[in-house]
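Engineer: Just dropping this structure here.
Just so you know, all these numbers are worked out from the coordinates, no wet-lab data involved. It should be emphasised that the depicted structure is a prediction, and the values quoted were computed from it without experimental measurement. Ideal geometry is used to build each Cβ from the backbone, glycine not excepted, and the neighbour counts take in all protein chains shown.
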């Protein structure tokens, strides 16, 4: 953005452009790291739920573990959800 503005004759500093973009809630678009790509030598397991019709409770459960940043460290949150009802079971 800074280079584009400078090409058009505006005298701008990269820090000023960064500050104004941040104030407007905008950020640059750039390629994100490919974290979901399997490494060399790692086995890829098949997704067993492909084509499965979930039509009654307790047929399929999903789990997720995440962490929440707190002032003095992290708190881990684990959830188990029923796919049919979308209720969090635990």
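Engineer: What label, among [x] 311; [y] 106; [z] 260, belongs to volume of the Cα convex hull per residue in Å³ computed from the structure on display?
Structural biologist: Recomputing volume of the Cα convex hull per residue in Å³ here gives the entry labelled [z].
Engineer: Quick check: pseudo-label points 7 Å beyond the Cα along Cα→Cβ at residue 61 and residue 83, how many nm apart are they?
Structural biologist: 1.4
Engineer: Let me ask something else about it. For each of 32, 15, count neighbouring Cβ atoms within 10 Å of the residue's Cβ, then give the residues from fewest to most. Working shown, then result.
Structural biologist: Working: 32 6, 15 9.
Neighbour counts put them in this order, fewest first: 32, 15.
Engineer: Please rank 2, 50, fewest neighbouring Cβ atoms within 10 Å first, as an exposure proxy.
Structural biologist: Working: 2 14, 50 6.
Ascending Cβ contact count within 10 Å gives the list 50, 2.
Engineer: Right, another one. Sort 4, 83 by Cβ crowding within 10 Å, fewest neighbours at the top. Walk me through the numbers before you get to the answer.
Structural biologist: Numbers: 4 10, 83 15.
Taking fewest neighbouring Cβ atoms as first place, the list is 4, 83.
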